[in-house]
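Colleague: There's a structure below that I have some questions on.
Any read-out appearing in this document is the output of simple, stated calculations on the displayed coordinates, not a laboratory observation. Since the structure is predicted, the reported quantities are computational estimates derived from the model, not experimental observations. Using ideal geometry, Cβ is built from the backbone for each residue, glycine included, and neighbour counts are taken over all protein chains shown.
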Amino acid sequence: MHKMPVFLRLFLVLALAAAVLACNIGVAMVQEWLTETCNPVDRDRYERAAAELGQVPETPDYPEGAVYEVCFNNKFELTSVRMSEGYRPTEGEGANDGSQSNPDSNPDLSLPAGTVPAGTYTGQFIWGPEYIYTLLGNEINISISPNGTVSGTALFHYNHSEERQARPSAGGGQCTYYYEFSEAYVVSGQIAGDYDQPVQVALTLFEISNNSTCGFDDKRRDESCTCQGMLTVRDGQLTITCGTGDPCGAYLTALLR
């Protein structure tokens, strides 16, 4: 029987090992690339992210409770956006026919019509242990005085840093990536009831993506805006929303302390 030369057998073994190694590396890279991390955001950030992806943002049937998320891969590049429908108003809330636009005609509210829901309301933005970021601030504090004066603040602040592989154009090797995001709200107003009461919401947004040492572009956003929100209190839960499509959208919810 003709025997394969030793050098040829060695060459085939090495070629097979190289193929397996390349396959494993390729799979690992794909897995790393496909890993997504999603963060809760407001409607405005969701719409901008959808536009960056060339997608049309979805419109919820019940925007008061809708939840929006923006997702990034391990390179912190935008990969997808998500929207989850909020709660559906129960029968009698008048969500579709507008019959509850006047608080005096709303028999289902937790307080008598025209009653000011005085008290201190506290809450937090949606956050889960699955997020890789470091939470620096997460609080909502809204006060309503007996005479209807509304004042309060809210803060959602987190950051993240990690070691990455720099692009060859940046010299290769290890580099440090840093990301930080902050939303600060100031709420003020004068209300006369507990249903669809107008308040002012001022938002200051800060976002930075420092990636220059890795050979990528840095990104930074500093924005501030105001919008007229609507305040409603039901069963001890306060909700403040700025309308959908508003460039300065907001959704704040807190419970009576």
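Colleague: Given R₀ = 41 Å, what would the calculated FRET efficiency be for ILE126 paired with SER212, taking r from the Cβ atoms and rounding to 0.05?
Modeller: Values: r = 31 Å, r/R0 = 0.76.
Computed FRET efficiency for ILE126 and SER212: 0.85.
Colleague: Whole angstrom only: what separates the Cα centroid of the range 189-252 from the Cα centroid of the range 118-173?
Modeller: With the range 189-252 and the range 118-173 each reduced to a Cα centre, they are spaced 12 Å.
Colleague: Taking the Cβ-Cβ separation of SER182 and THR115 as r and a Förster radius of 35 Å, what is the calculated FRET efficiency to the nearest 0.05?
Modeller: 0.50
Colleague: Further question: Quick one: which of 131-140, 177-186 comes out on top by average Cβ neighbours within 10 Å, and what's the full order, highest first?
Modeller: Values: 131-140: 14.2, 177-186: 17.8.
Those peptides, ordered most packed to least, come out 177-186, 131-140.
Colleague: Right, next: Give the Kirkwood hydrodynamic radius (Å, one decimal) of the range 109-256, defined as one over the mean of 1/r across all pairs of different Cα atoms. Walk me through the intermediate numbers first.
Modeller: Details: mean 1/r = 0.0579 Å⁻¹.
In the range 109-256 this quantity evaluates to 17.3 Å.
Colleague: 7 Å from Cα along Cα→Cβ at both GLN200 and ASN147: what's the point-to-point distance in nm?
Modeller: Result: 1.8 nm between the two label points.
Colleague: Quick check: residue separation of SER169 and LEU53 times 0.36 nm, minus the Cα distance between them. What number comes out in nm? Please list the in-between numbers first.
Modeller: On the way: separation 116, 0.36 × 116 = 41.76 nm, distance 2.62 nm.
Using 0.36 nm per residue and subtracting the Cα-Cα distance, I get 39.1 nm.
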